[in-house]
Amino acid sequence: MQTEGVSRWVIVRDLGIFQLKLALDGLKDIILMPVSIAAAAMAIFFGGEERGRLFYMILRGGEKFDLWLNLFGATQRSDIDGLFGGSKAGSDSLLGQLEQQIRGGDVPRRHRPRP
């Protein structure tokens with residue numbers, strides 16, 4: 001990861017994004033722990049033809065959330081633009097959606113050529 005030349009505002013912004021992502025990840029864990037235990041208990045004791053279906057549906061939902069959150073993925077591709085430099089604005093990840101909302105695209109508004 002290149003960190004030379006990153007402005008303090010990019011670091012502040014990226015810290016805020018990272019803290020938001022950590023909080024969302026923790027909230028996911030707090031919710032999934034009891035829900036997955038309940039779903040597994042139901043599957044064990046009240047099975048049936050589709051035993052475990054709800055449990056594995058919950059696991060897939062957690063996996064999709066992790067892929068969307070992409071907690072550490074952007075650090076491998078970041079550049080002088082911080083975490084936004086490693087994402088694609090509007091992508092299906094939290095960072096891509098944030099970048100689209102905040103900047104309106106991949107290029108900061110202040111650096112876009114005037115029409």
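Scanning segment 58-106 for residues being modelled with pLDDT of 75 or more, surrounded by 13 or more Cβ atoms within 10 Å (Cβ to Cβ) and not in a helix (DSSP H, G or I) gives a total of 2. The set of residues in segment 3-49 that are outside any helix (DSSP H, G or I) and surrounded by 10 or more Cβ atoms within 10 Å (Cβ to Cβ) comprises 3, 6, 7, 47. Take the conditions (1) at pLDDT below 85; (2) over 19 Å from the mean Cα position of the chain (by Cα); residue 50 misses just one of them, which is (1).
Go through segment 29-51 and give me each residue that's among the small types (Gly, Ala, Ser) and touching a residue at least 12 places away in the same chain (Cβ under 8 Å).
Looking only at segment 29-51, we keep the residues that are among the small types (Gly, Ala, Ser), and these are 36, 38-41, 43, 47-48.
36, 39, 40, 43, listed by residue number.
The values are calculated or read from the model by the stated rules, or taken from the named source; none is laboratory data. The shown structure was predicted, so the numbers you read here are calculated from the model rather than taken from an experiment. Positions of Cβ are generated from backbone atoms using ideal geometry, with glycine treated the same way; all protein chains shown enter the neighbour counts.
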